[in-house]
Amino acid sequence: MTDLNKQREAFEVAYSEGRKIFPSTLKKYADGTYYNGDVRAAWKWWQAGKAQAVPEWISVDDKWPEYGQLILVVISGQTQTRVFFRDGSDCSKDWIEPVNGDDCHNTICWEKVTHWMPLPKASSKSGAEG
């Protein structure tokens, strides 16, 4: 089963939950578009919500961030409130540094980091949609 089919299945279960609907309510055209306009709108919102899913913490045992990538980090079980990046431009390739410049007192040895998370992408739209 493809990821899209899994998403559709989860959507249809969620959409049907607590409602009395006719089986034809979830009927689709050959291209996968739902016949019912309300269901089409709900599916569109479902997909938009999935696209904005919150990033998850990544263990440094599984993957390291790219050099220069802006990240949040966990050190000794504590989420740091500063944005860091993994610097590889000089001899500090195993260190992460705060984004606010050359602050030698706040660089952290990468070995102390247990998890990291990329910053979410900034929205390309401003204000509410309408």
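The numbers here are math on the coordinates, done by the rules we state, and not lab data. What you see is a predicted model, and the numbers here were worked out from it, not measured in a lab. Every residue, glycine among them, receives a Cβ derived from its backbone with ideal geometry; neighbour counts consider all protein chains shown.
Table for the structure above
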item: Extended-chain gain in nm, criterion 0.36 nm per residue less alpha-carbon gap, ALA10 and SER59; result: 14.9 nm
item: Relative packing of peptides 6-15, 57-66 - highest average C-beta neighbours within 10 Å first; result: 6-15, 57-66
item: Net length gained if the chain between GLU111 and VAL83 were fully extended (0.36 nm per residue, minus Cα distance); result: 8.4 nm
